Amino acid sequence: MSVKVSILITSYNHEDFLEECILSAINQDFEDKELLIVDDGSTDASHEIIGRYMAHFKEVILCKENKGACVTVNQLLKRANGEYVSILNSDDVFLTDKTSKQVDYLDQNPDKHAVFSKCRIIDEKGEFSENLDFPFDFENRNRFQWLKHFFTDGNCLCHSTVMLRKSVFDEIGFYDERIRSLPDLDFWVRLLARYEIFILQEDWVFYRRCKDRTSESAPSLKNYNRALFETERILEHYANEDGIGGELRRVFDFDPIEESSSDLENLAFLS
């Protein structure tokens with residue numbers, strides 16, 4: 001049975017935040033939705049917490065071992081029936097009217113294939129943090145300007161704020177499961193190679209950054225080096241493609257490879 005929106009929750013070792021995350025999805029002020037959740041082999045109490053809310057989910061996948069973020073979100077995408085899709089990480093929080101506002105926008109703007117919002121950064125205590133290392137405060141621009149920004153300044157789109165038309169995945173494919181640190185950057189480049197997006201200027205997500213994170217985006221030399229390697233490979237790959245690289249050269253008269261930024265403070269995994 002088709003629904004308007006599929007909200008996909010990806011869970012991994014966030015027992016302190018998972019219940020708040022789940023409730024924020026359940027309590028969206030939009031009725032025509034389905035909830036799907038996957039847990040990627042958590043070793044904490046995440047499975048028990050998910051069990052309390054089983055009745056609210058159309059689909060629950062509990063992995064016995066860790067498979068990686070892209071593998072698990074792709075599993076949910078293949079099971080989703082919604083016309084639109086939102087993806088929520090298990091340590092983040094949707095504000096109550098996020099879904100209804102973004103549905104209204106996509107319904108009224110058929111030329112846009114993804115809509116984002118602003119977000120507020122919170123810490124492990126749920127307190128607001130002015131973390132300037134992860135800036136999301138950017139104005140709207142066309143897809144060519146976004147692509148140029150990725151090649152010159154890095155990624156500035158917050159993954160948990162996006163709602164996409166599910167048809168996008170039929171056209172450009174799912175998340176690249178070979179990429180560990182920067183799958184969102186790769187996906188945004190593919191998205192903007194074809195489609196226009198829009199950022200609504202309200203804060204509809206609380207995006208959590210914890211000081212003692214052990215995720216793929218946690219600050220460490222290992223993660224920094226992996227992100228550097230992936231950034232170079234992603235940007236070089238698309239800059240060399242006739243479609244994206246050629247369009248950028250024609251529109252902006254610049255070489256995407258030469259202009260690619262190595263400042264990974266803005267290129268961290270933003271999901």
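Looking at region 151-171, can you tell me whether even one residue there is in contact with a Lys or Arg (Cβ under 6 Å, 6 or more places away or on another chain), surrounded by fewer than 18 Cβ atoms within 10 Å (Cβ to Cβ) and not small (Gly, Ala, Ser)? It would help to see each step written out before you state the result.
From region 151-171, those in contact with a Lys or Arg (Cβ under 6 Å, 6 or more places away or on another chain) are none; that's our starting set.
Scanning region 151-171 turns up no residue that is in contact with a Lys or Arg (Cβ under 6 Å, 6 or more places away or on another chain), surrounded by fewer than 18 Cβ atoms within 10 Å (Cβ to Cβ) and not small (Gly, Ala, Ser).
Given the structure, is Gly173 at positive phi and at pLDDT 85 or above?
yes
Among the residues of region 44-57, those that are of a type outside the set (Gly, Ala, Ser) and either surrounded by fewer than 17 Cβ atoms within 10 Å (Cβ to Cβ) or assigned to a helix (DSSP H, G or I) (or both) comprise Asp44, His47, Glu48, Ile49, Ile50, Arg52, Met54, His56.
With respect to the conditions (1) surrounded by fewer than 22 Cβ atoms within 10 Å (Cβ to Cβ); (2) closer than 23 Å to Lys118 by Cα; (3) touching a helix residue (DSSP H, G or I) at 6+ places or on another chain (Cβ under 7 Å); (4) at pLDDT below 85, Ile179 falls short on a single one, namely (2).
Residue check: Val38 meets all listed conditions (1) touching a Ser or Thr at 6+ places or on another chain (Cβ under 8 Å); (2) closer than 23 Å to Gly173 by Cβ; (3) in a helix (DSSP H, G or I) but one, namely (3).
Take the conditions surrounded by fewer than 20 Cβ atoms within 10 Å (Cβ to Cβ), at pLDDT 95 or above and within 18 Å of Lys166 (Cβ to Cβ) and apply them to Leu95. Does it pass? Talk me through it step by step, then tell me what you get.
Numbers: surrounded by fewer than 20 Cβ atoms within 10 Å (Cβ to Cβ): yes; at pLDDT 95 or above: yes; within 18 Å of Lys166 (Cβ to Cβ): no.
When the stated conditions are applied, Leu95 does not pass them.
With respect to the conditions (1) under 26 Å from Asp16 (Cβ atoms); (2) touching a Cys at 6+ places or on another chain (Cβ under 8 Å); (3) in a strand (DSSP E or B), Ser86 falls short on a single one, namely (2).
In this structure, is Phe134 at pLDDT below 90, over 21 Å from Ser2 (Cβ atoms), crowded, with 20+ Cβ neighbours inside 10 Å and not charged (D, E, K, R)? Explain how you work it out, then say what you get.
Working: at pLDDT below 90: yes; over 21 Å from Ser2 (Cβ atoms): yes; crowded, with 20+ Cβ neighbours inside 10 Å: no; not charged (D, E, K, R): yes.
When the stated conditions are applied, Phe134 does not pass them.
Of everything listed in (1) touching a helix residue (DSSP H, G or I) at 6+ places or on another chain (Cβ under 9 Å); (2) surrounded by 23 or more Cβ atoms within 10 Å (Cβ to Cβ); (3) under 20 Å from Glu124 (Cβ atoms), the single unmet condition for Cys21 is (1).
The values are calculated or read from the model by the stated rules, or taken from the named source; none is laboratory data. For clarity, every value in this text was computed on a predicted model and none was experimentally measured. A quick note on method: Cβ atoms are made from the backbone with ideal geometry, for glycine too, and the neighbour counts reach across all protein chains shown.
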